[in-house]
1. Filter the stretch 4-28 down to residues that are of a type in the set (Ser, Thr, Tyr) and closer than 14 Å to Phe44 by Cβ and give me whichever is most open to solvent (accessible area, probe 1.4 Å).
2. Under 6 Å between Cβ atoms, which residue pairs at least 6 apart in sequence (or on different chains) link something in the stretch 25-45 that is more than 14 Å from Ala6 (Cα to Cα) with a partner that is assigned to a helix (DSSP H, G or I) and modelled with pLDDT under 95?
3. In the stretch 41-52, what residues are assigned to a loop (DSSP other than H, G, I, E, B) and open to solvent by less than 50 Å² (accessible area, probe 1.4 Å)?
Amino acid sequence: MERERAVTAEAIAEHFGVTVPTVNRWVREHRIPCIRPTRKTVRFKLSEVECALSDDAVKNPNSEKTSHG
């Protein structure tokens, strides 16, 4: 079984079409799991982030939608 590589916040942001500050906010809000190999370094497993965000979308379908009218 192959181990999944940990990726950067930049890679997560690019994959989901959001900014790095949004990824950092998701971490602060405990919406996505992360790995902290050092105090300042944060890495992610893409499959775990995808799962967390899909679970979050099911629990809170309107959490990312805002009304601009």
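The values are calculated or read from the model by the stated rules, or taken from the named source; none is laboratory data. Only a predicted model underlies this, so the values are computations on that prediction, with no experimental measurement involved. Glycine also receives a Cβ, built like all others from the backbone with ideal geometry; neighbour counts cover every protein chain displayed. Heavy atoms of the whole protein, side chains included, go into the accessibility calculation; ligands, DNA and RNA do not. Shrake-Rupley method; radii C 1.70, N 1.55, O 1.52, S 1.80 Å.
1. Looking at residues that are of a type in the set (Ser, Thr, Tyr) and closer than 14 Å to Phe44 by Cβ, I get Thr8.
2. Note: pairs meeting the criteria are Arg31/Asp56.
3. The answer is Thr41, Val42.
Residue-wise test of (1) exposed (fewer than 11 other Cβ atoms within 10 Å of the Cβ); (2) out of contact with any strand residue (DSSP E or B) (no Cβ under 6 Å at 6 or more places or on another chain); (3) modelled with pLDDT under 95; (4) not in a helix (DSSP H, G or I).
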| position | (1), (2), (3), (4) |
| --- | --- |
| Glu2 | yes, yes, yes, yes |
| Pro33 | no, yes, no, yes |
| Arg39 | yes, yes, yes, yes |
| Pro61 | yes, yes, yes, yes |
| Glu64 | no, yes, yes, yes |
